[in-house]
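Data first, discussion second: the structure below is written as structure tokens.
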Amino acid sequence: MAASLSPTGPVTAEPLTAASLERLLRVPEVDYRLEWVFLGAFSLRAEDPEDGAKGLHDVYAPREAVEAYRKTGTFPDGTVLVKDSFLTKTEEMTTGTVSYADHLKGRFVLVRDSTNRNAKNSPLWGDGWGWAFFEGEETEKTVTTDYRKDCLGCHEPVRSQDFLHTQAYPTLGR
């Protein structure tokens, strides 16, 4: 039986191989921007603040997972989070100087694994999550090789928040 995850947990309890674990870390086929819940966004300031934002991150999760989080304060195993990373364009508009999403740089995907059962089989899994970044429009082949060196630099400061920057996710308010 093929191993796969649903937004609310593992479909099978069979041990997963490194190859099957990598297949789980993909950009979902569902149109998550339309069908999932928008959790929140970050703007990344350009080196010169006069230049506006250099990037924008939009984060999405399945509705069932958001409902569970709002009840318990944690995401259920198998929850998939997607963060779109956009390069921005900044220009003058009637409302003032604005920065907006212009070009998809890539997508980050996290898959919840609270027991770390997958960590022993892949360097993309550990600390309660599966971790992956996909460049541009790529949806299957991650450029992440080891979450410790590729992902924790940004997520370590929020270890006490389960490695999530939840302060930017007003939708999760309980």
- [ ] Figure the gain on full extension for Gln161 and Thr115 (residue separation times 0.36 nm, minus the Cα-Cα span) and round it to one decimal in nm.
- [x] 14.9 nm
Task: Net charge contributed by nearby residues that have their C-beta within less than 15 Å of Tyr60 (K/R +1, D/E -1) - done: -1
- [ ] Could you run the Karplus curve 6.51 cos²θ - 1.76 cosθ + 1.60 with θ = phi - 60° over the range 31-41 and give me ³J(HN,Hα) per residue in whole Hz, x for Gly and Pro?
- [x] 6, 4, 5, 9, 9, 9, 8, 7, 7, x, 9
Task: Between 0 and 90°, nearest 10: helix 63-72 axis offset from the chain longest Cα axis - done: 80
- [ ] Excluding Phe75 itself, calculate the net charge of residues whose Cβ lies under 12 Å from the Cβ of Phe75, where each Lys or Arg counts +1 and each Asp or Glu counts -1.
- [x] -2
Task: Chain lengthening between Thr139 and Glu35 when straightened (0.36 nm per residue, less Cα-Cα) - done: 35.7 nm
Open item on the list: Helix-only mean residue ellipticity at 222 nm, the chain, DSSP H runs n ≥ 4 weighted -39,500 (n - 2.57), per residue, nearest 500. What is it?
Closed with: -3500 deg cm²/dmol
Open item on the list: Please give me, ordered by residue number, the GluC sites (Glu not before Pro) of the range 96-174 that lie in loop per DSSP and have at most 15 other Cβ atoms within 10 Å.
Closed with: Glu137, Glu138, Glu140
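Each reported figure results from applying straightforward, stated rules to the coordinates on display, with no laboratory input. Since the structure is predicted, the reported quantities are computational estimates derived from the model, not experimental observations. No Cβ is skipped: glycine too gets one built from the backbone with ideal geometry, and neighbour counts run over all protein chains shown.
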